[in-house]
Amino acid sequence: MFIIIVIVFQLHVITEQPEKEKRVHRNISIAIIYNRVPKCGSTLMNSLLELVFNESHTFRFIKSTNYVPFRLSATDQLQLRQEIVNYSRQAYSTPIVYERHFHFVDFGFEVNRNLFYINQLRDPIERVLSCYDYTRHRCKTDGPNEPCALSNRSLINITMDACVSTGDPTSCISEQNGVSSAISFFCGQLSICDDTYKPITNYAALALAKSNIERYYLYVGLLEYIESSLELLEFSYPAIFRGISKFYLTYFKDKPFYRTPAESRYPINKETRTILRRLLKLEFELYYFVQKRFIDQYRRTFHRAPRRRDGKVR
């Protein structure tokens with residue numbers, strides 16, 4: 001009971017949720033849902049969460065083995081809801097942290113009173129390039145007999161520059177090329193949020209993503225500000241995340257975030273970067289919205305500006 005009270009208090013400090021949304025269901029423990037956006041430092045975050053859990057054991061850390069699909073059927077959404085409810089009930093008063101790649105799901109008011117989302121973002125162009133190159137690297141290293149995220153293996157050796165300069169450049173930032181929309185991860189499961197066949201280009205999806213962030217996400221960090229992001233996360237939820245900044249500084253601060261080896265990462269030219277920035281206009285709007293929200297939260301909490309991480313984070 002003490003843990004629940006501390007967490008709810010800290011959430012109130014950071015977000016000032018309406019009173020009715022702060023009440024908790026007494027039979028379900030607090031659940032922190034990390035529906036991680038790909039290529040935004042989620043592997044790093046999982047490593048840090050494991051270190052925190054192994055030291056404190058103040059929460060139950062659940063790593064899903066379901067990596068795809070991101071977009072869930074109605075049945076899958078109900079199954080996910082029940083899975084999280086079951087984990088929460090089994091944990092009694094111990095909070096749970098559940099991580100999985102999936103587009104936001106509104107689990108219903110009864111569950112939402114006990115459930116809070118967290119996530120991370122990064123510069124949209126850098127995220128897209130990381131997705132694009134990583135997908136090709138995995139398809140090559142896993143071999144021809146293993147599943148590949150590309151719609152056609154003939155695309156495996158095409159660089160982003162080549163993709164953008166030939167054919168329809170919007171296909172280069174779509175799922176057929178192994179690239180997903182960050183907007184969809186916050187927008188949810190409605191048809192307007194679907195990025196299966198083409199990138200998100202409608203402002204209704206962007207507006208819904210922003211609304212869900214304000215209503216359900218009590219923390220969205222930025223990879224470019226990773227140290228300050230973790231500092232805010234730890235301050236916001238000390239009962240769960242105490243020590244996460246220490247582990248980052250000890251084990252990861254001076255290490256690159258690359259999961260794709262250098263020989264599989266391809267720089268892009270200025271023309272490609274200009275085209276991508278135009279195509280990712282709404283993704284940048286979401287990023288700047290989250291950036292402002294994060295910086296405002298950080299300044300209110302620590303009375304200073306957050307620090308950017310030096311060097312590339314691709």
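The angle between the Cα long axis of helix 74-90 and the main principal axis of the chain comes to about 40°, on a 0 to 90 degree scale. Over the chain, Cα pairs under 8 Å with separation of 6+ residues give a relative contact order of 23 percent.
Spin-label model, Lys292 to Lys246: label points 7 Å out along the Cα-to-beta-carbon direction sit 3.7 nm apart.
Mind pulling the angle between the C-alpha long axis of helix 226-236 and the longest principal axis of the chain? Nearest 10 degrees, somewhere in 0 to 90. Around 20 degrees separate the two axes. Helix 2-15 and the longest principal axis of the Cα set of the chain meet at an angle near 60°. In the chain, the DSSP beta bridges split such that about 0 percent are antiparallel, to the nearest 5. With contributions of -39500 (n - 2.57) from each DSSP H run of at least four residues, the per-residue ellipticity at 222 nm computed over the chain stands at -15000 deg cm²/dmol.
The stretch 236-312 and the stretch 91-134 have Cα centres lying 16 Å from one another.
Taking other residues whose beta carbon is less than 13 angstrom from the beta carbon of Leu282, and scoring Lys, Arg as +1 and Asp, Glu as -1, yields +2. Multiplying each eigenvalue of the alpha-carbon gyration tensor of the stretch 98-204 by 5 and taking the square root yields semi-axes of 29, 17, 12 Å, largest first, rounded to whole angstroms. Over the chain, what percent of the accessible surface lies on carbon and sulfur atoms, probe 1.4 Å? Its accessible area is 53 percent carbon and sulfur atoms.
Extending 7 Å from the Cα toward the beta-carbon at both Ile156 and Lys270 defines two label points whose distance is 3.5 nm. All C-alpha pair distances within the stretch 29-302, sorted into 10 Å bins from zero, spread as 6, 29, 36, 23, 6, 0 percent across the bins.
The listed residues Tyr298, Tyr258 rank as Tyr258, Tyr298 when sorted by accessible area, largest first, using a 1.4 Å probe. Sorting the segments 77-90, 175-188 by their mean number of nearby beta carbons within 10 angstrom, highest to lowest, gives 175-188, 77-90.
Remark: the chain carries a charge dipole of roughly 500 debye about the Cα centre, counting +1 on each Lys and Arg Cβ and -1 on each Asp and Glu Cβ. Subtracting the Cα-Cα distance of Asn145 and Tyr67 from 0.36 nm times their residue separation leaves 26.2 nm of extension gain.
Think of the chain as having a plus end and a minus end, set by charges on the Cβ of Lys, Arg, Asp and Glu; of Ser73, Ser228, Leu49, Ser228 sits farthest toward the positive end of this dipole. On a per residue basis, the chain carries 46 Å² of accessible surface, using protein heavy atoms and a 1.4 Å probe.
The values are calculated or read from the model by the stated rules, or taken from the named source; none is laboratory data. Since this is a predicted model, take the numbers as computed values, not measurements. Reconstructed Cβ throughout: ideal geometry from the backbone, glycine too, with neighbour counts over all protein chains shown. Ligands, DNA and RNA are excluded from the accessible area calculation, which covers all protein heavy atoms including side chains. Shrake-Rupley method; radii C 1.70, N 1.55, O 1.52, S 1.80 Å.
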